[in-house]
Amino acid sequence: MIAPSFYLLLASVLFAIGAIGVLVRRNAIVVFMCIELMLNAANLVFVTFARQRADVSGHVYVMLVMAVAAAEVAVGLAIIVALFRERRTVNVDELRELRG
Amino acid sequence: MPLSDLVFYLFAAMVVVGAAGAAISQNLVYAAFLLLAALFGVAAIFAWLSADYVAITQTIVYVGGILVLFLFAVMLTNRITDARHSNPAVGKRPAALVSLGLFGVLAYVSIETPWKHFDVPAGGETTHLLGQALLSTYVLPFEVLSVLLLAALVGAVVMSRKETPKP
């Protein structure tokens, strides 16, 4: 039997890897992938505690997170593709017009 | 060590290696395929936590939907030949510091806290309970979410369409 702390540790590793990817990478698509990793880490924690408490509410929250993630990816990738068509780049350091 | 634990550790290693590869790899296409390994591993771990419906949804939504979207975006925004040079990394040292600190705090909490072990037996299939919860206790978030999803998808279609000349 695997202890709950191991699942939580795995989620921490996943979240830290996602965070480092968001901070280091300059390609907007990879930044998006790393955000997905962090959302997955959060989902893993939700499901772990749902299992621990034998309560299905955690699964409901995972469903909500997944739907929001899908909406976010659809809109985000549409923005990225439109930006690339306009500017021929997806480097987040070169896309800074909205900075005050 | 029982065989099931061994298989679990294999899946955990697959998640970590896939995620690290997706975050570190210079090649966008490799990053997308390593993300596939990580997402599959997470689905397997959901199955380990006896969350059958969530595991299947993870496979269908993430691997079948989101990852394909990512691959399309990679192919639409980069010439495959220069995928190797289109993914630069900056500020490695401060980023590593921040994320190691974050990991330290999270790992300390998850190891040091005396979590209650999984003493409740796994309750079999969850689809029935999940459906009941979604349509009774959580019916308002569920409906709001459907409207959000519809709005987001219509927005995505509008945004990614080619500009048509105004009449």
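The values are calculated or read from the model by the stated rules, or taken from the named source; none is laboratory data. Keep in mind that what you see is a predicted model, and the values were worked out from it rather than measured. Quick reminder, even Gly has a Cβ in these numbers, built from the backbone with ideal geometry, and neighbours come from all protein chains shown. Surface accessibility is based on the protein's heavy atoms, side chains included, excluding ligands, DNA and RNA. Shrake-Rupley method; radii C 1.70, N 1.55, O 1.52, S 1.80 Å.
Assorted remarks:
- Hey, B:V68 of a type outside the set (F, W, Y), modelled with pLDDT under 85, under 25 Å from A:A82 (Cβ atoms) and open to solvent by 50 Å² or more (accessible area, probe 1.4 Å) or not: no
- Of all residues in region B:115-130 being open to solvent by 100 Å² or more (accessible area, probe 1.4 Å) and over 16 Å from A:M1 (Cα atoms), the one that is nearest to the other protein chains (Cβ to nearest Cβ): B:H128
- Test result for B:S50, on the phi > 0 side of the Ramachandran plot, surrounded by 15 or more Cβ atoms within 10 Å (Cβ to Cβ) and either charged (D, E, K, R) or in contact (Cβ under 8 Å) with a residue 12 or more places away in the chain (or both): yes
- Filter result for B:A38 (at the interface with another protein chain (Cβ under 7 Å from one of its Cβ atoms) and touching a residue at least 60 places away in the same chain (Cβ under 8 Å)): no
- For first residues located in region B:7-29 and more than 15 Å from B:A43 (Cβ to Cβ), partners that are in a loop (DSSP other than H, G, I, E, B) and open to solvent by 30 Å² or more (accessible area, probe 1.4 Å) and lie 6+ apart or on another chain with Cβ distances below 9 Å form the pairs B:Y9/B:M1; B:Q26/B:P88.
- Filter result for B:S99 (within 7 Å of chain A (Cβ to nearest Cβ) and of a type in the set (S, T, Y)): yes
- Among all residues of region B:18-25, there is none that is within 14 Å of A:Y7 (Cα to Cα) and among the hydroxyl-bearing types (S, T, Y).
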